[in-house]
Amino acid sequence: MQPDPSTLASLSADPPECKHEAGTFVPVIDRNRCEGKGECVQVCPVGLFKVASLPKDMRSTLSIKGKLKGFAHRWQQALLVNPEACEACGLCIKACPEEAITLARAQ
């Protein structure tokens with residue numbers, strides 16, 4: 001189920017007040033769920049994500065279902081380019097149609 005475009009527009013047009021300092025939390029992407037649709041890229045106010053080909057060394061840990069999904073989507077997935085800038089606003093979690101993103105406390 002994909003969020004409708006008006007939902008994405010409202011998420012990115014009026015971002016919530018982030019209550020955490022950058023780097024307190026980091027996004028975690030479930031590689032077995034991500035299909036690289038890019039909604040997270042569109043809504044993230046600090047540019048944490050990009051959609052690109054999942055590196056081969058990251059493919060080996062996928063489940064059979066994850067590998068089939070990866071192959072079907074030409075291995076396109078959301079990748080983190082700047083995770084330490086995360087302010088934990090949660091827009092990526094709300095926008096992801098596969099529910100593949102969670103937040104974890106940074107270590």
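Nothing in this text is a laboratory measurement; each read-out follows from the coordinates by a stated rule. Not measured: the values here are computed from a predicted model. Cβ sites come from the backbone with ideal geometry, for glycine too, and all protein chains shown count toward neighbours.
For residue 28, which sequence-distant residues (separation of 5 or more, or a different chain) have an amide H within less than 5 Å of its own amide H, given hydrogens modelled in the peptide plane?
Correct list: 102, 103, 104.
Trypsin sites (Lys or Arg not before Pro) within region 59-107: which are DSSP loop residues with at most 13 other Cβ atoms inside 10 Å? Could the numbers behind the result be given before it?
Numbers: sites: 59, 65, 67, 69, 74, 94, 105; in loops: 74.
Passing sites in region 59-107 are 74.
State the number of lysine pairs found in region 5-105 whose Cα atoms come within less than 29 Å, restricting to pairs 8 or more positions apart or on distinct chains.
Total qualifying Lys-Lys pairs in region 5-105 comes to 20.
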